[in-house]
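The values are calculated or read from the model by the stated rules, or taken from the named source; none is laboratory data. Note that this is a predicted model, so its numbers are computed, not measured. Ideal geometry is used to build each Cβ from the backbone, glycine not excepted, and the neighbour counts take in all protein chains shown.
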Amino acid sequence: MTTPAPAPETLNKVLWSIPNVLCLIGSRSGDEWNGMTQSWVTQVAMEPVLVAVSIDVKAVTNRLIKESGSFSINLWDRADTRPFVKFSKPATKEGMTLNGRPVREGWTGVPIFEEAVVWMECSVWQTIDCGTHDLFIGEIIDAAFRDDVEDPLVARMEDTRMKYGGVKRGGH
Ligand SMILES: Cc1cc2nc3c(=O)[nH]c(=O)nc-3n(C[C@H](O)[C@H](O)[C@H](O)COP(=O)(O)O)c2cc1C
């Protein structure tokens, strides 16, 4: 059987039509802290409660998660999508801020963004090699809404003009 091979442009359009959240992944190994713009996030099981994030093997965040075995997922207010541009390269830490955004330490030592409207702290449960990316499946060890937020509207890819994913290009 010969299967059809969709053209890369078609595959891009198809894949970009999958709705995605936009958030920041917090990671840390020793003195090295990072925050990274992330769109591939989903719950994958109910018992245990597991969430998965797929992270480029070349990203600093990938190495920090492997070294520490933990990460945080920080969902952001839909009205403030500015951080996503800045956090698409390694972040600068000054005091307890990353790119000027205040963070605190979670149980595992990972940064949790004080401004996140919802956050989850995860311990790596399993890692799956997916080629260009590693799928980190995390067990949620702590999670909450920001104190002043009850029913937040969280940022999504469609709130910006950004795109991520599709077929591999130069640097992926
Ligand atoms: C809108 C947007 C969404 C992104 N989503 C992801 C993602 O889901 N997974 C990933 O590995 N990189 C994603 N990236 C790319 C990373 O943010 C970028 O490669 C970053 O430089 C890697 O971060 P680090 O090296 O500081 O860890 C996205 C970038 C943008 C702009």
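Identify the residue in the range 25-34 that is of a type outside the set (Asp, Glu), on the phi < 0 side of the Ramachandran plot and out of contact with any Phe, Trp or Tyr (no Cβ under 6 Å at 6 or more places or on another chain) and, among all such residues, is nearest to the ligand (Cβ to nearest atom).
Taking the range 25-34 as the starting set, the residues that turn out to be of a type outside the set (Asp, Glu) are 25-30, 33-34.
Next, only the ones that are on the phi < 0 side of the Ramachandran plot stay: 25-29, 33-34.
With out of contact with any Phe, Trp or Tyr (no Cβ under 6 Å at 6 or more places or on another chain) added as a condition, the list becomes 26, 28-29, 33-34.
Working: Gly26: 11, Arg28: 12, Ser29: 12, Trp33: 11, Asn34: 5 Å.
The qualifying residue nearest to the ligand (Cβ to nearest atom) is Asn34.
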Restricting to the range 150-167, name every residue that is more than 7 Å from the ligand (Cβ to nearest atom), hydrophobic (A, V, I, L, M, F, W, C) and surrounded by 15 or more Cβ atoms within 10 Å (Cβ to Cβ). Val154, Ala155
Given (1) under 16 Å from Gly106 (Cα atoms); (2) in a loop (DSSP other than H, G, I, E, B), index of the condition Ile25 fails: (2)
Being within 11 Å of the ligand (Cβ to nearest atom) and in contact (Cβ under 8 Å) with a residue 40 or more places away in the chain is the filter here, so list the residues in the range 59-70 that pass it. Asn62, Ile65
Can you spot a residue in the range 35-51 that is surrounded by 14 or more Cβ atoms within 10 Å (Cβ to Cβ), more than 16 Å from the ligand (Cβ to nearest atom) and closer than 28 Å to Lys168 by Cβ? yes
When you look at Glu115, is it more than 23 Å from Val44 (Cα to Cα) and outside any strand (DSSP E or B), yes or no? yes
Here are some residues: Ser88, Ser54. Which one is in a strand (DSSP E or B), among the small types (Gly, Ala, Ser) and within 13 Å of the ligand (Cβ to nearest atom)? Ser54
Among the residues of the range 58-73, is any over 20 Å from His133 (Cα atoms), among the β-branched types (Val, Ile, Thr) and modelled with pLDDT of 95 or more? no
